[in-house]
Amino acid sequence: MEVVVASSSIDGGIGCWDVHTGAEQLRYKTCVSPPHGLACVGQRFLASSQLRDPSANSGCILYWSWSKPQVEVKSFPSEPIQPVAANREGTYIVGGGLSGDIYLWEVATGRQLRKWNAHYRAVTCLVFSDDDSLLISGSEDGSVKVWSLFMIFDDLRRQRSDHLYEHNFSEHTLRVTDIVVGYGGSNAIIVSASADRTCKVWSLSKGKLLRNVVFPSIIDAIVLDPSEHVFYAGSRDGKIYIAALSAESTSKSNYGLHIINSLSNHSQAVTCLAYCARGNLLLSGSDDGMVRVWDAKTHNIVRVFKHAKGPVNNILVVRPELNFNFRPNSQASSRRHGSLLPPALDKYRNPTDEDADTTTVIGLQSTCRKSIDPSYFSSHVINNQIKELQQQGSSAAAEMETERLKLECTRSMQMVQQWKKMYENLHQFCVNELLDSDQAGISNGNST
């Protein structure tokens, strides 16, 4: 099952519907999310930052499980958080503060692993690359910065480097409103939208601007077509513009250069977009309180969902974990400690924490007394499990278990590197083709 979840800046909770049947699932209570303030963590639970009073000096981050409409975990960071994001496997949660700082927490323990000053003004959006090696942030200061998590966790490299970021794209003249990342890890393209009415396409491998698209109105939301031929841009004039990414689409339409079409049905500004590859569906949320599902091929509306209250400012398409159940479990909810969600996030970083080794490992099976979710852990959690094994059984058994974990770790990391290399080679080829086509078009134009 794939579901669409939608939240609002007004306390109307979180709506949840089956994308393909339209059936409403649970409605999650008490949520006042800012733009980009809703995330799904490893397909296991929802997390949302809360900003009830933008002028306040505090905020919170809330967790909901799939099967319970009430908030189950509350965290209180040291400052109000606007955007939140989680890496693909739900190992880490990042949050962007009004001060311009970025916070990184370990989900399984709630530990604050890192905090760094990223921007001069408030962070507006955060997104991980498809291989989780990079974090891209946008800000009210108009900049888009690319951060390597390897650099963030490497204290020695941090001390030797003049700056932490890999790239600093500063061509936008007003606040960044949205960022999307393509496939290919460090060779991907990224598209950024801004209140300056432009969307800019960047190459991560070359660190340069590939394309600048000017729109008739401010763009607040963008999403990539899975094939990366076009991207969709949700505008404050209520339209969804379709802009070309391919080099050959250079003709000027009625809307402007590289804009090839538009969709129009919302009565107010389009605030958020998502894409469901299964069924080739585009989803849009708006200040009019509606979520519309479009057939991306025919541009027809196939389904409409109405949020309970207020404008829609976040939508996600999620495929929950296989063992979920949207029906509330009264027996589980009646138990004080019935939640299987991870603990609250730390407000401050504990200086006594050992944070030198935080490599993500895949496929670890829980062997401790306490059932721990998620199934992806940092080495800090693994070390705690090994200590428990040593206390429970013989030293020989513990040593065998440790060797098994090391072997699984090595195999998993090798597989990750193989896939990463394949993505890098493929995307490098595509980027080179795009640049070569652009150069050929310019040369042909000059010759004529």
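Things to note:
- Residue list for segment 184-201, given a label point 7 angstrom along the Cα-to-Cβ vector of Ser227 and an amide N cut-off under 19 Å: 184, 189
- Centre separation in Å (Cα based) which lies between segment 33-50 and segment 133-193: 21 Å
- Rounded to the nearest Hz, the phi-derived 3J(HN,Hα) couplings of segment 207-224 under the Karplus curve 6.51 cos²θ - 1.76 cosθ + 1.60 (θ = phi - 60°) are x, 9, 7, 9, 7, 10, 10, 9, 10, x, 9, 5, 9, 9, 8, 9, 8, 8, where x marks glycine and proline.
- Put a dot 7 Å past the Cα of Met151, heading toward its Cβ, do the same for Asn117, and the two dots end up 1.7 nm apart.
- Of the residues Thr30, Thr21, the one with the largest accessible area comes first in the ranking Thr21, Thr30, computed with a 1.4 Å probe on protein heavy atoms.
- Dividing the C-alpha radius of gyration of segment 161-305 by 2.2 N^0.38 Å, with N its residue count, gives 1.04.
- Computed label-point distance, nm, for sites Thr352 and Arg160 using a 7 Å Cα→Cβ extension: 3.2 nm
- In plain terms, the C-alpha convex hull of segment 106-185 casts an average shadow of 6.1 nm² when viewed from every direction.
- Among 9-15, 222-228, sorting by the average number of other beta carbon atoms lying within 10 angstrom of each residue, highest first, gives 9-15, 222-228.
- Residue-wise HN-Hα couplings along segment 147-162, as the Karplus relation 6.51 cos²θ - 1.76 cosθ + 1.60 with θ = phi - 60° gives them from phi, are 10, 8, 5, 5, 5, 4, 8, 9, 4, 5, 5, 5, 5, 7, 8, 6 Hz; Gly and Pro carry x.
- Using θ = phi - 60° and Karplus 6.51 cos²θ - 1.76 cosθ + 1.60, couplings along segment 65-72 (whole Hz; Gly, Pro as x): 7, 5, 9, 9, x, 7, 5, 9
- Distant-in-sequence amide H partners of Gly90 (H built 1.01 Å from N, under 5 Å): Gly42
- Nonlocal amide H pairs with Asn314, under 5 Å, H built at 1.01 Å: Ser7
- Ordering of 171-180, 259-268 by packing [mean C-beta count within 10 Å, highest first]: 171-180, 259-268
- For the residues Met151, Met290, a 1.4 Å probe over the protein chains yields an accessible-area ranking, largest first, of Met290, Met151.
- Pairs spanning more than 21 Å between alpha-carbon atoms, out of Lys200/Lys297; Lys29/Lys306; Lys74/Lys347; Lys145/Lys206; Lys29/Lys74: Lys200/Lys297.
The values are calculated or read from the model by the stated rules, or taken from the named source; none is laboratory data. None of the values given here were measured: they were computed from a predicted structure. Cβ: placed from backbone, ideal geometry, glycine included. Neighbour counts: every protein chain shown. The accessibility values were calculated without ligands, DNA or RNA, using every heavy atom of the protein model including side chains. Shrake-Rupley method; radii C 1.70, N 1.55, O 1.52, S 1.80 Å.
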